[in-house]
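The values are calculated or read from the model by the stated rules, or taken from the named source; none is laboratory data. For clarity, every value in this text was computed on a predicted model and none was experimentally measured. Cβ sites come from the backbone with ideal geometry, for glycine too, and all protein chains shown count toward neighbours. Note: accessible area is taken over every heavy atom of the protein model, side chains too, but ligands, DNA and RNA are not part of it. Shrake-Rupley method; radii C 1.70, N 1.55, O 1.52, S 1.80 Å.
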Amino acid sequence: RSDVHLDAAYVFPDNSVRLIAGKPTIVRVYVEYDSSSGLPPINTLSGTLILFNPGGTTTLAPLQTITPRRDGSINRGIRDHTLNFLIPDTVSIGEVNLFATVFDAADATQLSAPFERTIQFDQQPPLRVIAVGINYTGDDVKDDAAPEDLEAPTEADFVDTFEFSNRIFPVPSITITDYRTMDYDGDVESDINDGCDKLDDLKDAVDDFVGDSDDIVYGLFGPGLETGSVGGCGGGGVGVGFVNRGGTAAHEIGHALGRKHAPCDNVTRCATPRNTDSNYPAYSGYDSDSIGEYGFDPTSTFGTVRNPATSHDVMGYSGGRWISPYTYKALMSAVPGSSISGAALAATAPGRTVEDNEWLRAKQRKLFLRLDIDRDGARLLPSFQYDALPRMVTGEPTDYTLEVVDWDGATLRRVCLHADDLGCGCGDSSGFPIRIRQ
């Protein structure tokens, strides 16, 4: 019923947000109760939700009972106005038939007619992450930092930091495919008005761990670093941030997957971000970075409703972070596959016939370019050639091109350069310096 609180242009059709297999899922049952029906009055409602799938039958009880009310007085923003059932991750697989019945909590013989619906859980790959613990040996240290506050976070720290991303992202899980540590002695104190500033250099160092992998690479550093007004940086498949800051990790991983910022229209609530997503829906009556719909967080005992009036998209700078349907859908297509599969796997199968003009995912010689451009010219940073699979190009296209020429000066290839400006920061993204990481 988003049509009752959103402008028509921003109402998603019912059931248009796909459900993810292997992910805990909440079913909210809206019950209309008519106390004038002539039946004995009901003070408290309960119910059952029976799930049928090829794996068997599962019967669920609601997280809590509720007070019955008429349809017109049900408020989606109040958790206790609906009977809420938690489908565990082990059951949320494939096609599932739901069979709901509600009844008087004090007399189960007073029960409703059954309500039935079929839902579909889609298989999605996990989000694969190479975890890099950063052991900081530089000078930008907080005055009260202890030695252990500068040490590389452990793999268990990554699991804890990724818990929020695991909860909201459209993936069955976040899988750490490798854990490594590195020493870093560069400056990290940064000014958000200069984008990621010094944290961009740290992100570049972490980027060296990508190699020939499609996995996201994320670096964690301890709480003892003095990073100024920048808490994290992300873009181009790589992100860095403080340990145990789950919202920061989700935000920077979103950048690593190509997402821009949700807009901010009120500087008393949030900083004005650079690289704003001009397509982000303008949900009428809500903040510019509102999630726009009611979300549900199942992690507490009875769950928590995320109200669009107070909850903001994880890609914005406001508090009360959750995820909008818009960002959820966009991330679903951005998460890399776990390996060559499906059509790409078939393309490499023996005896397979390749169709004309068919694109095949295969390794080619690539130039990994690092280039900084400012008012004084261009500075080429360490770059290299490597046989690699195709990688996503992120960032904003610039007015600059790279030309590969032969010894006679003939152009062999011309490529548009993209600015590595998907990371955090405020201000004008078209100004200098321009960072090319392509």
Got a number for residues in the range 11-28 being over 14 Å from residue 329 (Cα atoms) and either in a helix (DSSP H, G or I) or of a type in the set (Gly, Ala, Ser) (or both)? 2
What is the one condition in (1) surrounded by fewer than 20 Cβ atoms within 10 Å (Cβ to Cβ); (2) at pLDDT below 95; (3) among the charged types (D, E, K, R) that residue 163 does not satisfy? (2)
Pairs under 6 Å by beta carbon, first residue closer than 21 Å to residue 180 by Cβ and free of Cβ contacts under 8 Å to residues at least 60 places away in the same chain in the range 142-162, partner crowded, with 16+ Cβ neighbours inside 10 Å and not aliphatic (A, V, I, L, M), six or more apart or different chains? 155/179
Any idea how many residues of the range 116-144 are touching a Leu at 6+ places or on another chain (Cβ under 8 Å) and assigned to a strand (DSSP E or B)? 14
Given the residues 58, 48, 101, 67, which is the only one that is β-branched (Val, Ile, Thr) and open to solvent by 50 Å² or more (accessible area, probe 1.4 Å)? 67
Does any residue of the range 348-369 turn out to be modelled with pLDDT of 90 or more, among the polar types (S, T, N, Q) and in a strand (DSSP E or B)? no
It is to be established whether one or more residues within the range 275-288 are within 26 Å of residue 61 (Cα to Cα), out of contact with any Cys (no Cβ under 7 Å at 6 or more places or on another chain) and not hydroxyl-bearing (Ser, Thr, Tyr). no
Which members of the range 194-248 meet the condition of being part of a helix (DSSP H, G or I) and either more than 20 Å from the chain's Cα centre (by Cα) or not charged (D, E, K, R) (or both)? 194, 198, 199, 200, 201, 202, 204, 205, 206, 246, 247, 248
Can you find, within the range 249-293, the residue that is surrounded by the most Cβ atoms within 10 Å (Cβ to Cβ) among those that are of a type in the set (A, V, I, L, M) and outside any loop (DSSP other than H, G, I, E, B)? 249
Report, ordered by the first and then the second residue, all pairs with beta carbons closer than 6 Å, sequence separation of six or more or different chains, a first member in the range 42-61 that is in contact (Cβ under 8 Å) with a residue 24 or more places away in the chain, and a second member that is open to solvent by 80 Å² or more (accessible area, probe 1.4 Å). 48/59; 50/59
